[in-house]
Amino acid sequence: MFGEPICLSSGYRTYEEQAALRRTKGAVAAPAGLSNHGWGLAVDLCGDAYAGARGRWLAKNAGAFGWENPAWARKGGSGFYEPWHWEYVPGRDAVDAAQR
């Protein structure tokens, strides 16, 4: 749509990277082993990727490709406001179902 790839600031995180992030960020980061980044099912976008016209396009079209900014990460959600955090829904739902 905009003639360039969507900028990612973070993607897959090893267990060790998750633990280090939790130590530095505290409750903002999921405990090691519980992050969807560790399953390879979450990405964090660069600021310009989820703002302005790009952000509007993403919010409107990402679902058609299986991606969403989860409800907990949106303004008024149950977690920290993280407009940069996007998850691959089919994969996340499969992991959630397997853990039940």
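Summary table below
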| read-out | value |
| --- | --- |
| Placed amide H near Glu82: partners under 5 Å, 5+ positions off or other chain | Arg74 |
| Under Karplus coefficients 6.51, -1.76 and 1.60, residue-wise ³J(HN,Hα) of the stretch 9-21 in Hz, glycine/proline x | 9, 7, x, 4, 10, 5, 4, 5, 5, 4, 5, 5, 5 |
| Per-residue ³J(HN,Hα) for the stretch 22-37, Karplus 6.51 cos²θ - 1.76 cosθ + 1.60, θ = phi - 60°, Hz, x for Gly and Pro | 4, 5, 8, 9, x, 5, 5, 9, 5, x, 3, x, 10, 7, 5, 5 |
| With Cα atoms, 0 to 90° folded angle of helix 89-99 axis to the chain main axis | 20 |
| Extension reserve of the Asn61-Glu16 stretch, reckoned as 0.36 nm per residue once the Cα distance is removed | 12.9 nm |
| Kirkwood-type radius of the stretch 1-49, with distances r between different C-alpha atoms, in Å | 11.6 |
| Accessible area in square angstrom per residue, the chain, 1.4 angstrom probe | 64 |
| Accessible surface of the stretch 5-100 [probe 1.4 Å, protein heavy atoms]: carbon and sulfur percent | 58 |
| Cα long-axis angle, helix 52-61 against the chain (0 to 90 degrees, to the nearest 10) | 70 |
| Inverse mean reciprocal Cα-Cα distance (Kirkwood Rh) of the chain, Å | 14.2 |
| Kirkwood hydrodynamic radius over Cα pairs of the stretch 50-100, then Stokes diffusion coefficient at 10 °C and 1.306 mPa s, in µm²/s | 135 |
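The values are calculated or read from the model by the stated rules, or taken from the named source; none is laboratory data. Just so it is clear, the structure is predicted and the values come from calculations on it, not from any experiment. These accessible areas exclude ligands, DNA and RNA; they are computed on the full protein's heavy atoms, side chains included. Shrake-Rupley method; radii C 1.70, N 1.55, O 1.52, S 1.80 Å.
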